[in-house]
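Asker: Attaching a single structure in structure tokens format; questions to follow.
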Amino acid sequence: MTLAVIMIVFPFFIPDLNAYRFLRFPLGYFLLAHGAVILLAILIYGFFGGQQRADRVHNMTIQF
């Protein structure tokens with residue numbers, strides 16, 4: 001849900017952010033292109049950690 005909200009709300013601010021530059025790229029473009037990927041990785045990592053915690057609490061480990 002967080003990623004969906006950011007991907008819907010953030011583009012409204014891109015024209016204002018493009019007035020600034022970061023590494024010779026417009027800031028809005030840079031944040032959307034790189035920030036979305038980084039945010040997705042953080043959300044996946046958080047989900048994975050939460051799932052591991054839930055597995056430990058309910059003793060649902062898999063033995064290979």
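The values are calculated or read from the model by the stated rules, or taken from the named source; none is laboratory data. Remember, predicted model here, so these are calculated numbers, not experimental data. Cβ coordinates were reconstructed from backbone atoms using ideal geometry, including for glycine residues, and neighbour counts include every protein chain displayed.
Asker: Kindly check whether there is at least one residue in the range 18-26 that is part of a helix (DSSP H, G or I) and not basic (Lys, Arg).
Answerer: no
Residue by residue, here is whether (1) loosely packed, with under 10 Cβ neighbours inside 10 Å; (2) polar (S, T, N, Q); (3) in contact with a Ser or Thr (Cβ under 6 Å, 6 or more places away or on another chain); (4) modelled with pLDDT of 85 or more holds:
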position: Pro11; (1), (2), (3), (4): no, no, no, no
position: Phe25; (1), (2), (3), (4): no, no, no, yes
position: Ala36; (1), (2), (3), (4): no, no, no, no
position: Leu39; (1), (2), (3), (4): no, no, no, no
position: Phe47; (1), (2), (3), (4): no, no, no, yes
position: Gly50; (1), (2), (3), (4): no, no, no, yes
position: Asn59; (1), (2), (3), (4): yes, yes, no, yes
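Asker: Spot the failing condition for Arg24; the list is (1) in contact with a helix residue (DSSP H, G or I) (Cβ under 6 Å, 6 or more places away or on another chain); (2) on the phi > 0 side of the Ramachandran plot, and only one is missed.
Answerer: Just one mismatch for Arg24, condition (1).
Asker: I've got another one for you. Here is a check on your reading of the model: is Phe30 in contact with a strand residue (DSSP E or B) (Cβ under 8 Å, 6 or more places away or on another chain) and either surrounded by 10 or more Cβ atoms within 10 Å (Cβ to Cβ) or assigned to a helix (DSSP H, G or I) (or both)?
Answerer: It is true that Phe30 is in contact with a strand residue (DSSP E or B) (Cβ under 8 Å, 6 or more places away or on another chain) and either surrounded by 10 or more Cβ atoms within 10 Å (Cβ to Cβ) or assigned to a helix (DSSP H, G or I) (or both).
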